[in-house]
Amino acid sequence: MRSGSTITRQRRKLPLPPTRHSLPDPTFAAAFAEWRSIDQQTMADNKQDKDLDISEVYTKSELFIEKNKKPLTIAAVALFVGVAAFVGWRQFVVGPAIKDAEENVWKAQYYFEIDSLDLAINGDGQWLGFEAIADEYGNTPTGDLAHSYLGAIYMKQEQWQMAIDHYEEADLGDDVLRVMAVGNIGDCYVEMNEMDKAVGQFEKAADMVKSDFTTPMFLMKAGVLHQQKGDWKGAARVFGRVAKDFSTTPDAANAKKLAARAEAMAAQG
């Protein structure tokens, strides 16, 4: 905790909270649409050819992470920040114990939104950046949220270990943010080519909160990595969960085919 700070602090009224429709900004919408188009294209192919060769599906899936690392990372960061914006409003406005943090954090968030990442991290000499906020308010929800923003920033900058360190420091109270932080750590490990750790993070994220969105998403990521490692039993297990427990989600049809392939490969020893 820093003391005797000479930084000028001014009170600014925070804007109204983002609504369900306004929450995803254009960057998030575009990135998420790009990520989601992979499964949508698979579903379109299935409609055109119901007898699609299972080996073709497997090959496409095996290359999924390798060919789409950048879209996956952008989408993961954008999704995390979109949710963080709403949770940040809720915590800062509702929580009377963190008013001082509320008065300081808005400028760092603004710099993040306009992609001035160095100013978001370090501040501008008048307003604190996320690093100082995380340090000074580390035991508050504001400090934890600052760590999560720093994780997102360092992912953008491809500083994977720094991103992991900050995500791990963020003791987030919101379920969605907690899940996304754990999953984003998995994405960092993929970029660092530490696939065993990545699989562990993806499966942990999938099991934290049952959701038709995050659970199948992280199970599919785990399954692809199991395939790439030749762990067919592991792949069959996670793909089978998606096909059985999330049969109405966009991932279900692809997961069913991938589970069948993995089971056949596991049976061959």
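Readers should treat all values here as calculations from the given coordinates under stated rules, not as data from a laboratory. Values in this document were obtained by computation on a predicted structure and should not be read as measured data. All Cβ positions, even for glycine, are placed from backbone atoms using ideal geometry, and neighbour counts span all protein chains on display.
Remark: the D124-A266 segment gains 45.5 nm on full extension, using 0.36 nm per residue and subtracting the alpha carbon distance.
Take every Cα pair under 8 Å in the stretch 195-269 that's 6+ residues apart, average their separations, divide by the length, and report that relative contact order as a whole percent. Normalised by residue count, the contact order of the stretch 195-269 is 26 percent. Within the shell of other residues whose beta carbon sits under 13 angstrom from the beta carbon of L119, the net charge comes to -4, with Lys and Arg scored +1 and Asp and Glu -1.
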